[in-house]
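Engineer: This is the structure I want to talk about, given as structure tokens.
The values are calculated or read from the model by the stated rules, or taken from the named source; none is laboratory data. Note that the coordinates shown come from a computational prediction; the quantities given were computed from them, not determined experimentally. Quick reminder, even Gly has a Cβ in these numbers, built from the backbone with ideal geometry, and neighbours come from all protein chains shown. We work out accessible area using only protein heavy atoms, side chains counted, and drop any ligands, DNA or RNA first. Shrake-Rupley method; radii C 1.70, N 1.55, O 1.52, S 1.80 Å.
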Amino acid sequence: MRYSGLKVITQGLFGNAGWTPAWRDPAPKAEYDAIIIGGGGHGLATAYYLAKNHGLTNVAVLEKSHIGSGNIGRNTTIVRANYFLPGNSEFYSHSLKLWEGMEADLNYNVMHSQRGLINLFHSDGQRDAFVRRGNAMINQGDDAILLDREGVREHLPYLDFEQTRFPIYGGLLHPRGGSARHDAVAWGYARGADQRGVDLIQNCEVTGIDIANGKVVGVQTTRGAIRAKKVGIIVAGRSSQVAAMAGMRLPIESHILQAFVTEGLKPVINHVVSFGMGHFYISQSDKGGLVFGGDLDFYASYASRGNLPMVEHVMEAGMTLMPMIGRAKVLRSWGGIMDMSPDGSPIIDKTHIDGLFIDCGWNYGGFKAVPASGWCMAHLMATGESHEVARKFRLDRFATGHLLDEEGTGSQHNLH
Amino acid sequence: MRLKCPLCGDRDRREFYYYGAEDYLHRPAEGAPLADWDNYLHLRDNPAGMTRDLWYHEAGCAQWLCVTRNTVTHEISGVKLVAERTK
């Protein structure tokens with residue numbers, strides 16, 4: 001079914017009884033050309049682009065729970081292309097272009113909203129770093145505008161400009177940055193992949209990866225064995241456990257990142273704002289809730305819930321930046337499992353096992369990367385060669401020293 | 001979460017600095033092959049369950065601790081001084 005405004009109106013007139021499921025619920029076949037482990041944003045986007053860009057439609061996506069039940073369903077929905085390092089810069093630039101065409105491409109409203117993103121700075125040194133970053137973004141073909149203190153005040157008059165601890169010197173405005181409806185992104189890609197013939201198999205957990213003579217031949221699942229010559233591991237926080245089924249150790253440690261949502265308020269924050277003193281960032285959802293988050297909990301965890309010291313830290317940062325936030329009630333918080341790489345950048349690469357590919361290490365920046373990650377992973381699985389914008393996301397870059405340490409914070413997993 | 005430091009007793013998590021998996025204790029010998037250094041510095045088992053990792057009692061006795069911990073429940077079943085462990 002093709003969605004349109006007319007469809008919404010006519011369905012509304014006839015009791016909305018004519019809508020059909022957005023995707024099928026097929027039983028797994030005995031063999032596929034390619035299997036994708038993980039039905040999250042990245043996995044579904046990979047399946048979609050495998051079918052659309054490479055004509056590979058005999059593909060299964062295996063999801064242990066339901067579609068979009070992982071990090072794509074629990075994140076703070078920020079979309080941006082404000083990276084500095086060659087390797088990251090062109091990748092996220094490519095991703096932002098795909099975001100801009102996504103709704104037309106998928107025939108799905110993902111509520112992509114380019115409301116502008118402002119990174120605040122609080123010292124001369126931070127300003128210099130942001131000038132440099134802004135120039136890198138412009139050189140890459142994206143947009144960046146340096147705002148002074150008064151420029152920030154025009155956009156964000158509600159910030160506490162009088163504070164002395166973290167005085168606001170200015171901000172870097174990225175007008176094409178913004179947010180999108182995270183669940184809709186998963187559903188849009190799921191529907192698009194399904195329409196092109198991809199089997200989305202839910203409640204199907206992979207329990208083993210079958211390897212013969214150094215080549216992948218299939219997977220074992222809770223719904224039986226499935227054969228395939230190509231298998232992609234795209235499971236975010238669970239990358240280490242799935243890779244261990246193939247006898248691999250990854251440069252990944254899993255950590256918890258917490259986020260918070262307040263009660264619904266009238267429109268008050270128009271942009272996405274990030275506060276350079278910590279990792280505090282905030283935006284307002286279309287439903288009205290303020291969505292904000294901060295740093296990792298800083299120690300390896302799969303608990304899917306956070307600890308209180310980081311809750312306190314995030315609230316402190318919010319109150320320092322915009323005291324008005326203290327009047328809002330926090331409705332809920334959650335902790336997502338992030339697969340942290342030692343340099344803060346992702347991995348999209350082949351493994352040493354023929355036919356086994358991996359897409360992981362998104363740290364806590366995976367949402368904005370969904371379209372380009374799918375695009376590049378599909379290219380890699382279909383052609384066997386890395387896509388030109390993801391060529392530096394190598395699995396062996398830690399051994400060879402070709403790191404992509406965007407923040408310059410070192411080689412510890414929890415520091416990114 | 002609270003950690004029971006062998007020297008200072010039961011203390012708040014905020015007194016401690018987390019370093020990472022205990023792999024950091026197994027430093028390869030000088031001249032070891034590249035793969036050993038990659039293993040030591042970057043590659044991790046990263047279990048969902050029992051793990052052993054290193055914490056520094058920064059706001060206390062300044063000792064390095066080896067903590068046995070469940071990454072799913074945050075339950076801590078053992079804390080040892082790294083100094084005694086490697087003696």
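Engineer: Anything in the stretch B:32-54 that is within 7 Å of another protein chain (Cβ to nearest Cβ) and part of a loop (DSSP other than H, G, I, E, B)? List them, or say none.
Structural biologist: Across the stretch B:32-54, the qualifying residues are B:His42, B:Leu43, B:Asp45, B:Asn46, B:Ala48.
Engineer: Determine, yes or no, whether A:Ser274 is in contact with a Phe, Trp or Tyr (Cβ under 6 Å, 6 or more places away or on another chain), within 20 Å of A:Thr77 (Cα to Cα), more than 14 Å from chain B (Cβ to nearest Cβ) and open to solvent by 20 Å² or more (accessible area, probe 1.4 Å).
Structural biologist: yes
Engineer: Could you grab the pairs with beta carbons closer than 9 Å, sequence gap of 6+ or different chains, first residue in the stretch A:225-248 and within 13 Å of another protein chain (Cβ to nearest Cβ) and open to solvent by less than 60 Å² (accessible area, probe 1.4 Å), second one of a type in the set (Ser, Thr, Tyr) and in a loop (DSSP other than H, G, I, E, B)?
Structural biologist: Within 9 Å, the pairs are A:Gly237/A:Tyr302; A:Gly237/A:Ser304; A:Ala243/A:Thr351; A:Met248/A:Thr351.
Engineer: Given the residues B:Leu81, B:Leu3, B:Leu41, B:Leu34, which is the only one that is touching a Ser or Thr at 6+ places or on another chain (Cβ under 7 Å) and hydrophobic (A, V, I, L, M, F, W, C)?
Structural biologist: Unique residue meeting the criteria: B:Leu41.
Engineer: For A:Ala34, state whether it is farther than 16 Å from A:Trp187 by Cβ, of a type in the set (A, V, I, L, M, F, W, C) and open to solvent by 10 Å² or more (accessible area, probe 1.4 Å).
Structural biologist: No, not satisfied.
Engineer: Looking at the stretch A:74-102, which of the residues that are charged (D, E, K, R) and touching a residue at least 24 places away in the same chain (Cβ under 8 Å) is nearest to A:Arg196 (Cα to Cα)?
Structural biologist: Per the criteria, the residue is A:Glu100.
Engineer: Across the stretch B:1-24, what is the total count of residues that are small (Gly, Ala, Ser) and surrounded by 15 or more Cβ atoms within 10 Å (Cβ to Cβ)?
Structural biologist: 2
Engineer: Looking at the stretch A:249-268 only, could you name the residues that are in contact (Cβ under 8 Å) with a residue 24 or more places away in the chain, of a type outside the set (S, T, N, Q) and within 14 Å of chain B (Cβ to nearest Cβ)?
Structural biologist: A:Leu250, A:Pro251, A:Ile252, A:Glu253, A:His255, A:Ile256, listed by residue number.
Engineer: Where in the stretch A:169-219 are there strands (runs of 3 or more DSSP E), lying fully within it, with 3 or more residues that are open to solvent by 10 Å² or more (accessible area, probe 1.4 Å)?
Structural biologist: Counting at least 3 such residues, we get A:206-212.
Engineer: Among the listed residues A:Asp343, A:Asp295, which satisfies the condition of being open to solvent by less than 20 Å² (accessible area, probe 1.4 Å), within 14 Å of another protein chain (Cβ to nearest Cβ), touching a helix residue (DSSP H, G or I) at 6+ places or on another chain (Cβ under 9 Å) and among the charged types (D, E, K, R)?
Structural biologist: Among A:Asp343, A:Asp295, only A:Asp343 is open to solvent by less than 20 Å² (accessible area, probe 1.4 Å), within 14 Å of another protein chain (Cβ to nearest Cβ), touching a helix residue (DSSP H, G or I) at 6+ places or on another chain (Cβ under 9 Å) and among the charged types (D, E, K, R).
Engineer: Keeping to the stretch A:133-148, report how many residues are open to solvent by 50 Å² or more (accessible area, probe 1.4 Å) and either outside the structural domain of A:Phe166 (by the TED database) or out of contact with any strand residue (DSSP E or B) (no Cβ under 9 Å at 6 or more places or on another chain) (or both).
Structural biologist: 5
Engineer: Still on this structure, I have one more. For the stretch A:104-132, which residues satisfy the criterion of being open to solvent by 60 Å² or more (accessible area, probe 1.4 Å), in a helix (DSSP H, G or I) and closer than 25 Å to A:Trp187 by Cα?
Structural biologist: If the condition is that a residue be open to solvent by 60 Å² or more (accessible area, probe 1.4 Å), in a helix (DSSP H, G or I) and closer than 25 Å to A:Trp187 by Cα, then A:Ala104 is the only one that fits.
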